[in-house]
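Novice: A single structure is presented below for examination.
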Amino acid sequence: LEATQARALSRYETLSAQGQASAELDAVVQAACTGRIDTAFVNLDQQIWGVVDQTSYDLSIDDESTAANEDLIDLVARQTFAHGGQVYALSAEKMPDNAASAAFFRY
């Protein structure tokens, strides 16, 4: 598992330099919701509460959990998995680009 994870992180670095990966939360959430993520990395140590507009994929970030929002990091993981992508849950120090979530894309 660790070797597979290391290969995925290496591939992220390569694809990030080519513009085929991102650690920007809005780009990662949109790609997850539209099934475009090949592999996602999510930070086990962080939660970002918010709401995603399912038409425009705009994010509204909240300071805390409410009945109207959800953890956007969990959303990335669930949507990536639901669309057949790979998900790695990592500690903060292992996350690419020190991000809450990051991913490389299918296209």
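Novice: Whole-Hz Karplus ³J(HN,Hα) for the stretch 72-78, in order, using 6.51 cos²θ - 1.76 cosθ + 1.60 and θ = phi - 60°, x for Gly and Pro?
Specialist: Each residue of the stretch 72-78 in turn: 5, 5, 5, 4, 4, 4, 5 Hz.
Novice: Taking +1 at the Cβ of each Lys and Arg and -1 at the Cβ of each Asp and Glu, which of Tyr12, Gln47, Ala27 sits farthest along the dipole of the chain towards its positive end, judged by Cα position relative to the Cα centre?
Specialist: Tyr12
Novice: Could you pull out every residue, at least 5 positions away or on a different chain, whose amide H is within less than 5 Å of the one on Leu44? Hs are placed 1.01 Å off N in the peptide plane, and Pro or chain starts have none.
Specialist: Those qualifying (amide H under 5 Å, at least 5 residues apart or on another chain) are Leu90, Ser91, Ala92.
Novice: On to the next question. Taking the Cα centre as origin and putting +1 on Lys and Arg beta-carbons and -1 on Asp and Glu beta-carbons, what dipole magnitude results for the chain, to the nearest 20 debye?
Specialist: 660
Novice: Could you work out how far the C-alpha centroid of the stretch 62-81 sits from that of the stretch 1-19, in angstrom?
Specialist: 24
Novice: Mind grabbing the base-10 log of I(q)/I(0) for the chain at q = 0.11, 0.12, 0.14 Å⁻¹? Debye formula, identical points on the C-alpha positions, no solvent, two decimal places.
Specialist: For the chain, the Cα-only Debye profile gives -0.30, -0.36, -0.49.
Novice: Compute the signed sum of charges (Lys and Arg +1, Asp and Glu -1) over the other residues within less than 15 Å, Cβ to Cβ, of Tyr57.
Specialist: Surrounding charge for Tyr57 is -4.
Computed from the coordinates by the stated procedures, all read-outs in this text should not be read as laboratory data. The structure presented is a predicted model; accordingly, all values stated were derived computationally and were not measured. FYI the Cβ positions are ideal-geometry reconstructions off the backbone, even for glycines, and counts take in every protein chain you see.
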